[in-house]
Amino acid sequence: MKNEPRFRLAVESDAGTLLRFMREYYAFDGHGFEEQKAHVALMALLRDPNLGRAWLILDGGGAVGYVVLCFGYSLEWLGRDAFVDELYLLEGYRRRGWGRTTMEFVEEEARSAGVRTLHLEVVRENTAALQVYRKLGFVEHESTFLSKWIAQDFSKPQGRSGH
């Protein structure tokens, strides 16, 4: 019988584990990472359920990844929407259906939180993830996702992709 992932809502005491996974994920995807700034952002999320949720992905009792859902609101999308902001699995758990199962779990959790639409962002080079997301019903748009860092007192770490 194949192992299936389990999920546990992350709490403040999980910050060290989450930061370790974040560091690995950001290196994999080419995002800049500064632990102190990441810690501040992570703790804000863990302390305020109105911002979103983070879950540890578990194999038995051990954490093998994490997933983060961040809430928003959009007139275009007719109400509460959310970004699957981060999803990371240790390499040995990829291409085993764990990402798909995690996304199905997140979709159900989002629906129960009143979310009407899920969004996510994938680097173009991550063709395996793109294929999974398309199979799960996510569609690409003709629009281009743009960002502008506007915080004057808190600079964004730069990665190879510039975001």
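Quick note: the coordinates plus some simple rules give every number you see, no bench work behind them. In this text the structure is predicted, and so the values were computed from the model without any measurement. Every residue, glycine as well, gets a Cβ built from its backbone with ideal geometry; the counts of neighbours run over all protein chains shown.
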Inset, instruction - Report ³J(HN,Hα) in whole Hz for each residue of the range 94-103, in order, from the Karplus equation J = 6.51 cos²θ - 1.76 cosθ + 1.60 where θ = phi - 60°; Gly and Pro get x. - result: 7, 6, 10, x, 5, x, 4, 4, 4, 5
Legend entry - Rounded to 5, the percent of DSSP beta bridges in the chain classed as antiparallel: 85
Legend entry - Extension reserve of the W77-V11 stretch, reckoned as 0.36 nm per residue once the Cα distance is removed: 20.8 nm
Inset, instruction - May I ask you to list the residues of the range 72-87 whose amide nitrogen lies under 13 Å from a point 7 Å from Cα along the Cα→beta-carbon direction of A41? - result: 85-87
Inset, instruction - State which stretch of the chain is the longest one without any exposed GluC sites (Glu not before Pro), exposure meaning a DSSP loop state and at most 15 other Cβ atoms within 10 Å. - result: 77-120
Legend entry - Computed lengthening from R95 to L146, 0.36 nm per intervening residue step minus Cα-Cα distance: 15.4 nm
Legend entry - Per-residue HN-Hα couplings for the range 43-48 [Karplus 6.51, -1.76, 1.60; θ = phi - 60°; Hz; x = Gly/Pro]: 5, 4, 5, 5, 8, 10
Inset, instruction - Quick one: which residues, 5 or more positions from E86 or on another chain, have an amide H under 5 Å from its amide H? H modelled 1.01 Å from N in the peptide plane, none for Pro or chain starts. - result: V68
Inset, instruction - Tell me which residues come under 5 Å, amide H to amide H, from V115 once H is placed; ignore anything under 5 positions away on its chain. - result: none
Inset, instruction - Could you go through the range 58-72 in sequence order and give the Karplus-derived ³J(HN,Hα) for each residue, using 6.51 cos²θ - 1.76 cosθ + 1.60 with θ = phi - 60°, rounded to whole Hz, and x for Gly and Pro? - result: 10, 10, x, x, x, 6, 10, x, 8, 9, 10, 10, 10, 7, x
Inset, instruction - Rounded, prolate or oblate: pick one for the range 1-83, where a ≥ b ≥ c are the square roots of the eigenvalues of its C-alpha gyration tensor, a/c under 1.5 means rounded, and failing that, prolate if a/b is larger than b/c, else oblate. - result: oblate
Inset, instruction - Taking DSSP loops as anything outside H, G, I, E and B, show the longest stretch in the chain free of chymotrypsin sites (Phe, Trp or Tyr not before Pro) there with at most 12 other beta carbons within 10 Å. - result: 1-144
Inset, instruction - Give the relative contact order (percent, whole number) for the chain; include only Cα pairs under 8 Å separated by 6+ residues. - result: 23
Legend entry - Computed helical MRE - 222 nm, the chain, DSSP H runs ≥ 4 contributing -39500 (n - 2.57), nearest 500: -10000 deg cm²/dmol
